[in-house]
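Student: First the structure, which I've put down as structure tokens, then a few questions once you've had a look.
The values are calculated or read from the model by the stated rules, or taken from the named source; none is laboratory data. None of these values were measured; they are calculated from a predicted model. So basically every Cβ, Gly included, is an ideal-geometry build from the backbone, and we count neighbours across all protein chains shown. Note: accessible area is taken over every heavy atom of the protein model, side chains too, but ligands, DNA and RNA are not part of it. Shrake-Rupley method; radii C 1.70, N 1.55, O 1.52, S 1.80 Å.
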Amino acid sequence: MSRLATVVCSALFCLAFALAASPVSAVTLEQAMANPDWIGPPVERPYWALDGGAIYYSLKQDGNSIRDLHRIGTDGSNAGIVAPKAMASADGPNPVFDASRRYAAFIRNGDVFLREMGNARLIQVTRTPKPEASPQFSADGRSLQFRQENDWFVHDIASGVAGPAALVKVEKDPDAKKPDDLAQLQQRLFSTLRDIKADKDAKKAHDETFASGDPTRAPLPVYVGDDIEITDSSLSPDGKHLLLVTTPKGYDAGKVVKLQRWVTESGYEENEDERTRVGRGNPAPQSLLAIDLATRKATPVKMSDLGGIGDDPLKAIRDENATEIAAIKAAGKMEVDGGDKKATAKDKEKDKETGDKAAERAVTIAQMKWSPDGRNVAVQLRSVDNKDRWIASVDFATNTFVSQHRLTDPAWINWNFNDYGWTHDSRAIWYLSEETGYSQLYVKTPGGKAKALTRGTFEVSDPVESNDGRWFYVRSNKLAPYSYDVYRIAASGGDLQRVTQYQGLDSFVLSPDDRQMAVLHSSSYIPPQLAVLNADGSGAPKELTDTRKPDFKAMQWQAPTIVSLPSSQATLPIWAKLYKPTNFDAGKRYPAVLFVHGAGYLQNTELGYPNYFREQMFHNLLTERGYVVLDMDYRASEGYGRDWRTAIYRQMGTPELQDLVDGVDWLAKNHAVDRERVGVYGGSYGGFMALMALFREPDLFKVGAALRPVTDWTSYNHEYTSNILNNPQDDPIAYRRSSPIEYADGLKGHLLIAHGMIDDNVLFQDSVRLFQRLIELRKENFEIAPYPMERHGFVHSDSWYDEYRRILKLFEDNLK
């Protein structure tokens, strides 16, 4: 692609920008950081009425967090809030259908509802204080199954009778206890005791006979032992099997300390539980227990046939760390943090005992999905070390997992792109996989060979099979990395067909008859809005909402320019958003600000409404004051494939910093930026990167604002950090090379740290520890702004304003 900057916008939103006449006034800091109610609420969570004639959606109320349910006809008529009395006849989201599509079921407000299609008959199946979930129809269509916590219930549609599908008790079977020698003596000596026992055994046999043969009776309990805890469950549509995901009882999840709150309603300091730190408590290993509901026998499902389950992918990394640490210590350099010596000794002892036989790795079980006919189940498992993902069926004859697909990655398995399910005809499993380097869609018959339905250097997500089984619909950036639309592909294979033309497509929902599609779409300054169109892409879409407020619509915003710039380290270009002063003069030299998005794995260079809508308004304000602003999708960002994502494996902060430096070089060469006047800011992962920029490239980045930053990855959570850096006990070198606190001595310029004091994601302690480190290093020109009533994502406009007032002053005082 051309390295030249290119403005990209869809026809609809170019028109929207053109209609925005001269601004009432330039954006102010007060407006940019105000409660976003002045912008107008985004449309949220749309779903279809079951008759296909209307669409429901949610809108936030002004002044609070309450969402109202709205309903609008597909032609735009009869729009309005669904009143409380009208809820008695309203449909709910995510409906499921029986095979004949005579009935539909859904959950609303935690209760189960059943609708007979083609008429207005709506039956409320439950009205309970505990929420129900996971409605599904039985394979024969005669009953509706649903779950309350981990217990399953069955509602007979014809009779209206509901009852438990199984009674599972997490305790030992009282009748399974074998008599000891004293009890045996009693039975031998006393005939009366023998008669009592015989009567008891006869009653038990009688109850078991009638419980299995009499459909009007509740089932007898199944005892699964008292040494496990149930974390999930799934009932087969044919009612023959119940699957339980279990963990060891009392598993040590790691040390949990207290988070202090200083400004409280009570006037007293209060505290709450914090999260555990990475490596201080691995996720509890999970197992699958299969219950045959006819015999009430519970059997563990064996994992031994899962390919790679006995591998040790971290051995080479542990060896590398041991060698490097030994070399540093032998050279007489400073003490180096090592691994957990007790764990290492324990591992060696275990290896000695097992010899060449490798132990099975611990796994977590993400999902269980039954084929519609109820005969087969697909289970998604992930290794606790984050290197493998399996999709496996269960052979109930042998109670063994049968691997249908294994995805392995030497870095880590993606958090996203793990969707899978059964085709409507129960013949095949469809799934997403990154095995080619990009998320693509596959289908596979159990035991057969997988077939790739999509191919290319683009991402495919959110697959939905049409009810007739002819098509798969997906969201994809096939046109360009920053451009998302709905595409469809024939279930038998073929070319991807583009359905929508928005380039800023957020989500979609097919109508019950597959003929139409409700979509949420957005652009840089238009929050997600609702439209309806033909599912084959023919004709023009019908725009149903515009929730923007007049004051916001009257503003004239600068459309960010989507640019690609060359990377000095990677073959792919770096995509970014560029903002320049409207009166830009190439003969001048401008100060520059680089914004670094958070999350690491997030895409901010796209044509939809950004997560960072406040920051986008702030960038407008900066350009009005003469700054050039660059917002880059550095390596680690989403949307660019597996290699872009995993470039940071074991070296967080290094590839991304190289990308930021490339960005400054490109700005200086092409957009009149003064390399002596460059600042950087960002929050969360962006705050971490602001610190890395100031500490490791202090001669280039003169000032920076690190908002709620990770300063030491050993203090962050396990779920995120162990994916990228492994555990600190296995890979301490990766943590040392990736943590800003290790590079704090490099600070030369001005640093602002801003952090919510009740942040339960990146803990406030992170910033306090760094602050103390900078004190001990006798650094100058750094400050911290604590916010006593804010968590990770600020929610109070006063805090937003104060934070960005400080950021603006930092740039104005040091870059002008």
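Student: Given an 8 Å cut-off on Cα distances and at least 6 residues of separation, report the relative contact order of segment 225-326 as a percent. Walk me through the numbers before you get to the answer.
Tutor: On the way: 130 pairs, mean separation 23.4, N = 102.
Here the relative contact order equals 23 percent.
Student: Where does each of ASP385, ASP506 land when they are ordered by accessible area, with a 1.4 Å probe and the largest first?
Tutor: Result of the area sort, largest leading: ASP506, ASP385.
Student: A further question on this structure: For segment 127-197, what are Rg and Dmax over the alpha carbons, in angstrom?
Tutor: Rg then Dmax for segment 127-197, in Å: 21.0, 56.
Student: Would you please give the FRET efficiency between GLU360 and GLU624, computed as 1/(1 + (r/R0)^6) with r the Cβ-Cβ distance and R0 = 56 Å, to the nearest 0.05?
Tutor: Using R0 = 56 Å, I get an efficiency of 0.40.
Student: Could I ask something else about it? Could you tally the net charge around ASP802, taking each other residue with its Cβ under 12 Å from the Cβ of ASP802, Lys/Arg +1 and Asp/Glu -1?
Tutor: -1
Student: Carbon and sulfur: what percent of segment 586-665's accessible surface (1.4 Å probe)? Display every interim value, and only then the final one.
Tutor: On the way: 810 of 1830 Å².
Carbon with sulfur: 44 percent of the solvent-accessible area.
Student: If the cut-off is a Cα-Cα distance under 29 Å, which lysines reach LYS197, setting aside same-chain residues fewer than 8 apart in sequence?
Tutor: The reachable lysines, counting only those whose Cα sits under 29 Å from LYS197, are LYS169, LYS172, LYS177, LYS178, LYS297.
Student: Just to be sure I understand the model, the point goes 7 Å from the Cα along the line to the Cβ. What's the resulting GLN367 to THR582 distance in nm?
Tutor: 4.7
Student: At a Cα cut-off below 18 Å, give the aspartates and glutamates reachable from LYS577, other chains included and same-chain residues fewer than 8 away excluded.
Tutor: Those aspartates and glutamates meeting the cut-off are GLU606, GLU615, GLU624, ASP631, ASP633, GLU638, GLU656, ASP659, ASP662, ASP665.
Student: Mind ranking 445-451, 487-493 by how tightly packed they are, going by the mean number of other C-beta atoms within 10 angstrom, highest first? Please list the in-between numbers first.
Tutor: Values: 445-451: 12.1, 487-493: 17.3.
Ranking, from highest mean packing down: 487-493, 445-451.
Student: Computed FRET efficiency, Cβ-Cβ of ASP227 and GLN569, R0 51 Å: what is it to the nearest 0.05?
Tutor: For R0 = 51 Å, the calculated efficiency reads 0.50.
Student: Within segment 171-196, whose backbone N sits under 13 Å from a point 7 Å along Cα→Cβ of GLU208?
Tutor: 174-177
Student: If packing is taken as the average count of other Cβ atoms within 10 Å, what order do 454-466, 701-713 fall into, highest mean first?
Tutor: Listed from highest to lowest mean packing, they are 701-713, 454-466.
Student: While we're on this one: Any idea of LYS302's accessible area? Nearest 10 Å², probe 1.4 Å.
Tutor: Surface accessible to solvent at LYS302 totals approximately 100 Å².
Student: Shifting gears a bit: Step through the table entries LYS258/LYS748; LYS588/LYS669; LYS315/LYS369, compare each Cα-Cα distance with 24 Å, and write down the pairs that go over it.
Tutor: Numbers: LYS258/LYS748 35 Å; LYS588/LYS669 13 Å; LYS315/LYS369 34 Å.
Where the Cα-Cα span goes over 24 Å, the pairs concerned are LYS258/LYS748; LYS315/LYS369.
Student: Once all Cα-Cα distances of segment 528-654 are split into 10 Å bins that start at 0, what whole-number percent is in each one?
Tutor: Reading the bins upward from 0: 11, 32, 29, 21, 6, 0.
Student: Efficiency by 1/(1 + (r/R0)^6): what FRET value for ASP305 and GLN556, r their Cβ-Cβ distance, R0 = 56 Å, to the nearest 0.05?
Tutor: Rounded to the nearest 0.05, the efficiency is 0.35.
Student: Once neighbouring chains are kept in place and the probe is 1.4 Å, which whole percent of the accessible area of segment 135-239 is contributed by carbon and sulfur?
Tutor: 52
Student: What nm distance separates the two modelled labels at ASP252 and ASP111, each placed 7 Å from Cα along Cα→Cβ?
Tutor: Computed distance between label sites ASP252 and ASP111 equals 4.7 nm.
Student: Another question, then. Starting from the Cα gyration tensor of the chain, take the square roots of the eigenvalues, sort them a ≥ b ≥ c, and report rounded, prolate or oblate (rounded when a/c is under 1.5, otherwise prolate if a/b is larger than b/c, else oblate).
Tutor: Working: a/c = 1.94, a/b = 1.34, b/c = 1.45.
Since a/c reaches 1.5 but b/c is at least a/b, the shape of the chain is classed as oblate.
Student: Hey, another quick one. State, to one decimal in nm, how far the label point of ARG101 lies from the label point of PHE613, with both points 7 Å from Cα in the Cβ direction.
Tutor: 3.6
Student: Taking the highest mean first, how do the peptides 179-188, 228-237 order by number of other beta carbon atoms within 10 angstrom per residue?
Tutor: On the way: 179-188: 10.4, 228-237: 20.0.
In decreasing order of mean packing, 179-188, 228-237 become 228-237, 179-188.
Student: Excluding ligands, DNA and RNA, what is the solvent-accessible area per residue of segment 87-136 at a probe of 1.4 Å, expressed in Å²?
Tutor: I get 52 Å² per residue for segment 87-136.
Student: Could you tell me which of rounded, prolate or oblate describes segment 457-560, using a ≥ b ≥ c as the square roots of the eigenvalues of the alpha-carbon gyration tensor, with rounded for a/c under 1.5 and, failing that, prolate when a/b is larger than b/c and oblate otherwise?
Tutor: Cα axes put segment 457-560 in the oblate bin.
Student: May I pose another question? Just need the relative contact order of the chain here, percent rounded to a whole number, with Cα pairs under 8 Å and 6+ apart.
Tutor: Answer for the chain is 11 percent.
Student: Restricting to Cα pairs below 8 Å that are 6+ residues apart, what does the relative contact order work out to for segment 677-758? Please round to a whole percent.
Tutor: The value is 37 percent.
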